Amino acid sequence: MPKDLLVPLQYSEADAAALDAAAALATAHGARVAVLAAIAFPMPVASEWGMAVLTLNQADFDAMRASAAAAGEAARQRLQRAGVDAELRVVESLLQWPEETAALHARHADLALLGRGDGSRFPIAFSALLLDSGRPVLVVPADAKLMVPPRRVVLAWQPRREAARAIHDALALLPRDVRIDVLVVDPEVGETAYGDAPGADIAAHLARHGAQVQVVSQARDGRSTGTVIIDHATAQRADLIVMGGYGHSRWREQVLGGATRAVLEQATLPVLFAH
């Protein structure tokens with residue numbers, strides 16, 4: 001069961017969804033929540049003309065510290081009002097980006113939680129948390145409520161390390177009798193692909209954990225893989241999507257698009273990603 005949760009603040013309305021989900025998980029599992037308020041101080045920029053001079057003075061730095069501390073304290077109090085054991089970490093990032101600081105802190109937690117704002121705004125800390133922390137990331141869209149425990153789960157399955165990591169990280173959050181759809185999209189049959197019966201092996205494994213599992217194979221029919229995943233989860237009224245993140249390179253996913261980015265930006269229910 002998770003005992004340490006991390007919520008890196010994005011200083012936006014998206015934080016509310018992550019904090020509420022963290023409160024629900026902490027209440028159910030007796031976990032502690034750390035609120036991370038990372039401050040990114042601007043640094044001189046090197047160019048062919050030398051170092052660009054910063055225009056901030058001490059008062060500006062003090063104001064940035066105070067603003068981050070105030071946002072962090074408001075988040076901590078929100079959790080405490082929900083009866084959750086919460087701590088605030090205000091960290092100044094001098095030599096790295098705030099998302100890199102978040103990844104460092106996430107390594108000492110069971111799960112990191114990020115909110116996603118209205119529309120398709122990409123949580124800026126997501127890539128660093130997923131790829132650099134070694135921990136799963138739960139993304140909660142605005143206005144979505146995390147069901148604790150999730151009773152209906154869609155596993156976007158591919159026989160790859162990322163998907164295997166995701167479902168095994170998710171097991172700590174799921175009830176023993178959870179209903180899981182093992183969703184395979186246009187699976188390739190064969191020894192070097194999905195095997196002779198795509199999804200059957202992972203389904204049998206999850207059934208031995210007590211889950212009620214069915215394998216669902218769907219064709220894209222002109223849709224992207226991410227759209228197929230979202231459509232199925234929506235149709236089944238799932239509580240949670242579980243999937244591996246960045247099975248392709250991050251550059252390819254972010255520039256050319258991919259299932260990770262599509263689900264991250266379009267899902268209307270919580271998604272647990274792992275890499």
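Per residue and in Å³, how big is the convex hull formed by the alpha-carbon atoms of the chain?
Hull volume normalised by residue count: 138 Å³.
Less than 15 Å Cβ to Cβ from Gln218, Lys/Arg counted +1 and Asp/Glu -1: what total charge do the surrounding residues give?
Working: positive: Arg220, Arg223; negative: Asp181, Asp186, Glu188, Asp221, Asp231.
Around Gln218, the surrounding residues sum to -3.
Take Gln236 and Met1, extend 7 Å from each Cα along the Cα→Cβ direction, and tell me the distance between the two endpoints in nm.
In this crude spin-label approximation the distance works out to 2.6 nm.
Measure off 7 Å from each Cα along the Cα-to-Cβ vector at Tyr11 and Ala204, then give the distance between these two points in nanometres to one decimal.
Label-label distance for Tyr11 and Ala204, simple model: 5.3 nm.
Under a GNM of the chain (C-alpha, springs under 10 Å), which listed residue has the highest mean-square fluctuation: Gly83, Gly199, Gly72?
Answer for the Gaussian network model of the chain: Gly83.
Report, to the nearest whole %, how much of the accessible area of the chain belongs to carbon and sulfur atoms, 1.4 Å probe, protein only.
Values: 6850 of 13210 Å².
Accessible surface attributable to carbon and sulfur in the chain totals 52 percent.
Over all directions, what mean area does the Cα convex hull of region 129-275 project, stated in square nanometres?
On the way: hull surface 34.1 nm².
Directional mean of the projected Cα hull area for region 129-275 stands at 8.5 nm².
What distance in nm separates the two pseudo spin-label positions at Gln214 and Leu94, each 7 Å out from Cα along the beta-carbon direction?
Taking the simple label geometry, Gln214 and Leu94 are separated by 5.9 nm.
Given H placed on each backbone N at 1.01 Å, which residues far from Gly115 in sequence or on other chains put an amide H within less than 5 Å of it?
Ala18, Val140
Multiply the residue gap between Ala172 and Arg160 by 0.36 nm, knock off their C-alpha separation, and tell me the result in nm, one decimal place.
Details: separation 12, 0.36 × 12 = 4.32 nm, distance 2.01 nm.
Full extension from Ala172 to Arg160 adds 2.3 nm.
So how much slack lies between Ala197 and Thr27, counting 0.36 nm per residue of separation and subtracting their Cα-Cα distance, in nm? Before the final figure, lay out the partial values.
Working: separation 170, 0.36 × 170 = 61.20 nm, distance 3.97 nm.
Computed gain between Ala197 and Thr27 is 57.2 nm.
For the chain, set up a GNM with springs between Cα atoms under 10 Å and report which of Arg135, Arg152, Arg237 has the largest fluctuation.
Maximum fluctuation in the GNM of the chain, among the listed residues, is at Arg237.
What does the extension gain come out to for Ala40 and Gln266, with contour length at 0.36 nm per residue minus their alpha carbon separation?
Values: separation 226, 0.36 × 226 = 81.36 nm, distance 2.84 nm.
Length gained, Ala40 through Gln266: 78.5 nm.
Hey, what does the equivalent ellipsoid look like for region 78-191, semi-axes from the Cα gyration tensor as sqrt of 5 times each eigenvalue, largest first, whole Å?
Numbers: eigenvalues 158, 78, 41 Å².
Working from the Cα gyration tensor, I get semi-axes of 28, 20, 14 Å.
³J(HN,Hα) across region 19-25 via Karplus (A = 6.51, B = -1.76, C = 1.60, θ = phi - 60°), whole Hz, x for Gly/Pro?
5, 5, 5, 5, 5, 5, 5
The values are calculated or read from the model by the stated rules, or taken from the named source; none is laboratory data. Just so it is clear, the structure is predicted and the values come from calculations on it, not from any experiment. Counting neighbours? That spans all protein chains shown, and the Cβs are built from the backbone with ideal geometry, glycine included. Ligands, DNA and RNA are stripped out before the accessible areas are found, and what is left, the full protein with its side chains, is counted by its heavy atoms. Shrake-Rupley method; radii C 1.70, N 1.55, O 1.52, S 1.80 Å.
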